[in-house]
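What follows is a set of notes on a single structure, which appears directly below.
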Amino acid sequence: MWAQSLGAGDPNLQAYIVNGAQGSGLTYQATTTGSNPGLFRLPDTVNFQVDYFVGSMWGTFTRDGNSFFGYGVNLGIPNSVGAGVNVSAGYLNTTSVSPGQTNNFAGGYAGGGSALYGGLGGGIMVSPGNGTATVIGFGAGTNVGKTDNPASVGWGFSNDQGKTGIRW
């Protein structure tokens, strides 16, 4: 008996084949779009968010090349009367990323919590049925009173706005 075990496919080569097959009548299903060999991985999502009192709006871009627009509620703890902006990078809590996995994660309902110190922060996002992601980022904000908000929790919904033409 003879068996061969192949390593993970090259995500750049697979993306090239998928793009080349579009419109030709042929199909190709890539097996991976990103992996984490234990060194460095580009973020799976990049998010821009604006919070005002308990409302939030955001735009998310995924490694799959799609953009999403979302809205929801956000509660700064302990003082919810404030406003802020932030930019964050998200990493799915998995060692490899399948085609479409980041789009599935970014679309639909999601929630999470974060902590902040001196403009830098991090947290965990949860997308029901699609796993979790660790996020890191930076932001700025203000609130009524002299109470800082070292933490926040939120929940919302994101809609896929389509392809951007930018993938990584």
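Only the coordinates and a few stated rules stand behind these numbers; no lab work does. Computed from a predicted structure; not experimentally measured. Ideal geometry is used to build each Cβ from the backbone, glycine not excepted, and the neighbour counts take in all protein chains shown.
A simple spin-label model places pseudo-atoms 7 Å from Cα toward Cβ; at residue 17 and residue 50 they are separated by 4.4 nm.
Take the Cβ atoms of residue 115 and residue 142, set R0 to 25 Å, and the FRET efficiency comes out at 0.85. Per-residue extension of 0.36 nm, minus the Cα-Cα distance of residue 151 and residue 95, leaves a gain of 17.4 nm for this segment. Over the range 39-163, the ratio between the Cα radius of gyration and 2.2 N^0.38 Å evaluates to 1.02. Computed 3J(HN,Hα) for the range 98-114, one whole-Hz value per residue from the Karplus formula 6.51 cos²θ - 1.76 cosθ + 1.60 where θ = phi - 60°, is 7, x, x, 5, 5, 5, 4, 5, 6, x, x, 7, 7, x, x, x, 8, glycine and proline marked x.
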